[in-house]
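Enquirer: What follows is a single structure, and I will ask about it in a moment.
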Amino acid sequence: MKKFLLVIIVLTITSSLIAQQFSITAKLTGFKDGTKFYIQDPGLESKIDSAVINNNTFSIKGKLDYVPKSIFISTTEEGNYYWCFMFIGNEKVQIKGDKKDFPFYLQLSGSKSQDIYNQLNNRTREISTKRNHLTENLGSLISDDSDSAKNILESIGKQLNYIDSIVREKKLDFIQSNLNTYPGLNELYYLRKRYNRDSLHQMYGRLQKEYKESVYGERISNYLNVGDPVKVGDMYADFEAFDQDGQSQKVSNFLGKYVLLDFTSTNCGPCIFSIDELKNLSKEYSDSLNIISFSADNSMEVWKKGLKRDSPIWPSLWDGKGAYSETMLKYGVNGYPTFFLLDPGGKIISAWSGYGKNSLINRVAKFINKNDN
């Protein structure tokens, strides 16, 4: 009897663990055997796993840190790029279709949240497909200085703006009809600036407890709580987080010198490229400049992996709240790396996003050298 009960307990635990995983089974025609598909978490800018298609099928399993969430699936074959988004939990999900169905005409099933998102996709996929076609040859047109190319670009730009306005209106309608759903809340966050704060407060107040306490509800709450993002000319917004030694640090601890805030992410390519220049800056201007990195990584493991790779010689801070934390929202960070330069009194004197060779040294030196002379 005891053995029987033990078997039942083991089976129950095993079933529970399996239920906490997602599985994706894809049946896709048109791809060659051996084509590799990547499953990514766009929020972490990192690959979850990959799978190879054989006999028109691939399958993959994993576990999401919170559910439901966006999953990005992509592959490249014969120079063509294929992708699609899914919004899933730890569920059994199926993808069916042909390569020509990417990204908007695939059949996606098995997830309650994706079923809701399918409603939005059905309303927007035709016009979104048109948008994709319009952008296919933009690269060659941008590099063409002829008047005809400029005229075509201007015409395409107007069409894209028109399409985007239509899609945006459809998304706003979708939010109103699906506010108390995870897909509705996800879209509300990305379109939050389309609402005034009073309207957004009212919508947040209408959320059921489950959604208000979710990561998606927390994002809206954080946005409402932090107020308007800081900008050049404002005083800095102080924040607190742990450094690589586990010590709690605040920006205010580093004032008295210029402070370069580096908002970064472990798997961001330009962020990685900027490390050597940041190290040079830290050494060359050690008497007048403090550098502070702030990580958008959700995972401590990912953050520490980046620390081991990059070996920063300045404080790297992490609060575990990811890209939607109060700090990120207060500084209006939308991409990585993003930099803010503070004067010794804490006034924001410059802010910019992206990285190119010598871009840091040129910008920072302009301010520090000017005031040292």
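Enquirer: Give me log10 I(q)/I(0) at q = 0.30 Å⁻¹ for segment 147-200, Debye formula, one equal scatterer per alpha-carbon, no solvent.
Expert: So the normalised log intensities are -1.12.
Enquirer: Specify the residue with the greatest mean-square fluctuation among ARG309, ARG219, ARG194, computed from a Gaussian network of the chain linking alpha-carbon atoms under 10 Å apart.
Expert: Greatest mean-square fluctuation among the candidates belongs to ARG309.
Enquirer: In segment 40-147, if every C-alpha pair distance is counted and binned at 5 Å from zero, what percent goes to each bin?
Expert: Answer for segment 40-147: a P(r) of 2, 9, 18, 22, 19, 14, 8, 4, 3, 1, 0 percent.
Enquirer: Would you mind getting me the FRET efficiency between ASN334 and ASP147? Use the beta-carbon distance for r and R0 = 45 Å, nearest 0.05.
Expert: 0.85
Enquirer: Binning at 5 angstrom from zero up to the longest distance, how are the C-alpha pair distances of segment 185-232 distributed in percent?
Expert: Spelled out bin by bin, segment 185-232 gives 5, 22, 35, 24, 10, 3, 2, 0 percent.
Enquirer: When N is the residue count of the chain, what does its C-alpha Rg come to as a fraction of 2.2 N^0.38 Å?
Expert: For the chain, the normalised Cα radius of gyration is 1.14.
Enquirer: Which percent of the accessible area of the chain is formed by carbon and sulfur heavy atoms (probe 1.4 angstrom)?
Expert: Of all accessible area on the chain, carbon and sulfur atoms account for 50 percent.
Enquirer: Could you pull out every Cys in the chain that lacks a partner Cys with its beta carbon under 4.7 Å away?
Expert: Those would be CYS84, since no other cysteine Cβ in the chain comes under 4.7 Å of theirs.
Enquirer: Please list the three semi-axes, largest first and in whole Å, of the ellipsoid equivalent to segment 197-317, using sqrt of 5 times the eigenvalues of its alpha carbon gyration tensor.
Expert: 32, 19, 12
Enquirer: Just how far, in whole angstrom, is segment 51-73 from segment 253-310 if you go by their alpha carbon centroids?
Expert: Segment 253-310 and segment 51-73 have Cα centres spaced 32 Å from each other.
Enquirer: So, one more: Per residue, how many Å² of accessible area does segment 121-187 show with a 1.4 Å probe?
Expert: Values: 3940 Å² over 67 residues.
Computed with neighbouring chains in place, this is 59 Å² per residue.
Enquirer: A further question follows. Using helices alone, I'd like the mean residue ellipticity at 222 nm for the chain: each DSSP H run of four-plus residues gives -39500 (n - 2.57), total over residue count, nearest 500.
Expert: Calculated from helices alone, the mean residue ellipticity at 222 nm is -13500 deg cm²/dmol.
Enquirer: For THR266, which sequence-distant residues (separation of 5 or more, or a different chain) have an amide H within less than 5 Å of its own amide H, given hydrogens modelled in the peptide plane?
Expert: Result for THR266 returns ALA296, ASP297.
Enquirer: Once each part is reduced to its C-alpha centroid, what is the distance from segment 171-216 to segment 90-160 in angstrom?
Expert: Segment 171-216 and segment 90-160 have Cα centres spaced 24 Å from each other.
Enquirer: Set the Förster radius R0 to 25 Å, insert the Cβ-Cβ distance between SER221 and LYS305 as r into 1/(1 + (r/R0)^6), and round the FRET efficiency to 0.05. Don't skip to the answer; put the middle values down first.
Expert: On the way: r = 30 Å, r/R0 = 1.19.
Given R0 = 25 Å and the Cβ-Cβ separation, E is 0.25.
Enquirer: Return the inverse of the average 1/r over all pairs of distinct C-alpha atoms in segment 103-193, which is the Kirkwood hydrodynamic radius, in Å to one decimal. Before the final figure, lay out the partial values.
Expert: Working: mean 1/r = 0.0669 Å⁻¹.
Evaluated over segment 103-193, this radius sits at 15.0 Å.
Enquirer: How much space per residue, in cubic angstrom, does the convex hull of the C-alpha atoms of segment 263-373 take up?
Expert: 98
Enquirer: On to the next question. So for segment 30-82, what are the equivalent ellipsoid semi-axes in whole Å, largest first, each being the square root of 5 times an eigenvalue of the Cα gyration tensor?
Expert: The three semi-axes for segment 30-82 are 22, 13, 8 Å.
Enquirer: I want to verify a result. In a Gaussian network model of the chain, Cα cutoff 10 Å, which of these has the top mean-square fluctuation: LYS158, LYS279, LYS36?
Expert: LYS158
The values are calculated or read from the model by the stated rules, or taken from the named source; none is laboratory data. A quick note: this is a predicted structure, and the numbers were derived from the prediction, not measured. No Cβ is skipped: glycine too gets one built from the backbone with ideal geometry, and neighbour counts run over all protein chains shown. Heads up: the accessible areas ignore ligands, DNA and RNA and are worked out on the full protein's heavy atoms, side chains in. Shrake-Rupley method; radii C 1.70, N 1.55, O 1.52, S 1.80 Å.
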